[in-house]
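Throughout, read-outs are computed from the coordinates displayed, never taken from laboratory work. Note that the structure is a prediction, hence the values are computed from the model and not measured. Positions of Cβ are generated from backbone atoms using ideal geometry, with glycine treated the same way; all protein chains shown enter the neighbour counts.
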Amino acid sequence: MPALPSLLGSTLEELTATFAEWGESKFRAKQVVDWVFAKRVESFEDMTTLSKALREKLAENYSLRTMRVSTVTGSEDTTRKLLLRLEDGRFVETVLIPASTSLYGERADRLTLCVSSQVGCAYDCKFCASGLAGFTRNLTAAEIVEQVVQAEKVAADRVDNIVFMGMGEPLANFSQLVRAIEVLNADWGIRIGARRMTVSTSGVAPQIKKLADIAPQIRLAISLHGASDEVRDLIMPVNRKYPLAELFEALTYWKQHRKQRLTFEYILIEDVNDGLDQARLLVKRARAVDAKVNLIPYNTVDGLEWKRPSEARQDAFWDVLNQAGVQATLRREKGHDIAAACGQLRLKQETELGIIESPIPQKRITIGSGS
Ligand code: SAH
């Protein structure tokens, strides 16, 4: 945990209140957030419009950066993955995705950032590397916001869209997620439109409703990956807690409160969920809440045995959706090599440093051969 609270996770309102206690004006608080978020200074000394005494007081009470870029892999025209070292020695990944491979905004935007919300993950989805070594801790709002700040510095560019699709379950880190969204969205903050932020969830139904009640016009993506409880149970343990009926009840609630279209993510895994019976059920599911579907060919994870289906099988699955009039994309992005390592860079790094033990390979789980 950061020794001092980072200003990247503080709101203007909070800073104004603190400044009032310090006998400083509201105007000074505005100047500070301008240095922090617009000018992006990395040291309090550089806040040259403030008195030396105030700069020193700020430095005694707050920090401005708590992570450093450990490695950057990939290339500018495909995807670039940043491995960030946190203050407590842990690591998270954050991924820059240029427009050609980004699918989550309605417009053709230039740069999307995929951020992490937790170190590790407790949800244990059977296809995912992030949960392999279990859950370590929530990220603070400041650590979520700092991923954007660090990535924009590496890219020497502004990020247009944010997707909460990195490590962790964002809805299990609810208060910090909501705070991060506020800072990312604010005029005095990072200034990213709410419609340009997508929260992706494994389907934590009660939290979906809570988010519908309070968050601004952000987008929601559901990691569905199975169109029946039978199949989804095998892939995502969360489905036993919140089965499809409960999830869809929450999605209906979301739709009643939000205009943004829902997205279903559906990883295609050979002989697990790629049967055409599942495709036909998925049509019904998508129609029920007017969702669009992103089909994602499975990326192999070290230690997991599942495989990506052939392109012919992927196409056949997509055809069923398309012919039923469900808007569906089949993502065959470049940069598969680096995407394949999703969540694995951090595992490798933490294993090498002896922070975690090498995750034990899991048993293969298969169900019938589909239709
Ligand atoms: N916990 C949230 C956020 C994590 S993002 C959630 O479940 O939505 C999860 C997404 O990462 C999945 O929906 C999928 O799109 C992607 N993903 C994870 N592991 C993958 C793999 N092995 N192959 C392809 N995509 C994967």
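Placing +1 on each Lys and Arg Cβ and -1 on each Asp and Glu Cβ, with no other charges, gives segment 7-61 a dipole about its Cα centre of roughly 200 debye.
Calculate the dipole size of the chain relative to its Cα centre from +1 charges on Lys and Arg beta carbons and -1 charges on Asp and Glu beta carbons; express the result in debye to the nearest 20.
Details: 49 positive and 48 negative charges, 146 e Å.
The calculated dipole for the chain is roughly 700 debye.
The mean sequence distance of close C-alpha pairs (under 8 Å, at least 6 residues apart), as a share of the length of the chain, puts its relative contact order at 14 percent. Taking amide hydrogens as placed 1.01 Å from N in the peptide plane, the amide H of PHE135 sits under 5 Å from those of CYS121, each at least 5 positions away in sequence or on another chain.
Hey, what angle do you get for helix 276-289 against the long axis of the chain, alpha-carbon based, 0 to 90 degrees rounded to 10? Helix 276-289 sits roughly 50 degrees off the main axis of the chain. Taken one residue at a time, the phi angles of segment 347-355 give Karplus couplings (6.51, -1.76, 1.60, θ = phi - 60°) of 4, 5, 4, 5, 5, 4, 7, x, 6 Hz. Gly and Pro are set to x.
Of the peptides 242-251, 43-52, the ranking by mean beta-carbon count within 10 Å, highest at the top, reads 242-251, 43-52. The phi torsions of segment 315-325, fed into the Karplus equation with coefficients 6.51, -1.76 and 1.60 and a -60° offset, translate into couplings of 5, 4, 5, 4, 4, 4, 5, 4, 5, 8, x Hz, rounded to whole numbers, with Gly and Pro shown as x. Highest mean packing comes first when the peptides 15-21, 199-205 are listed by Cβ atoms within 10 Å, giving 199-205, 15-21. Taking each of LYS26/LYS52; LYS153/LYS292; LYS39/LYS210 in turn, the alpha-carbon distance tops 24 angstrom for LYS153/LYS292; LYS39/LYS210.
Amide H contacts of GLY203: SER223, each under 5 Å away and 5 or more positions distant or on a separate chain (H built 1.01 Å from N in the peptide plane; Pro and chain starts excluded). Couplings 3J(HN,Hα) of segment 206-212, computed from phi: x, 6, 4, 5, 4, 5, 4 Hz, in residue order, whole Hz [Karplus 6.51 cos²θ - 1.76 cosθ + 1.60, θ = phi - 60°; x for Gly and Pro]. For the chain, the mean projected area of the C-alpha convex hull, equal to one quarter of the hull surface, is 18.1 nm².
Taking 1.306 mPa s as the viscosity and 10 °C as the temperature, the Stokes-Einstein diffusion coefficient of segment 7-61 based on its alpha-carbon Kirkwood radius rounds to 143 µm²/s. With the highest mean first, a sort of the peptides 124-130, 22-28, 222-228, 140-146 on other beta-carbon atoms found within 10 angstrom per residue produces 140-146, 222-228, 124-130, 22-28.
Selection among TYR298, ILE162, LEU251 by position relative to the dipole of the chain gives LEU251 as farthest towards the positive end (Cβ unit charges, Cα centre). Amide H contacts for ILE267 (H built 1.01 Å from N in the peptide plane; partners 5 or more residues away or on another chain; cut-off under 5 Å): HIS225, ILE296.
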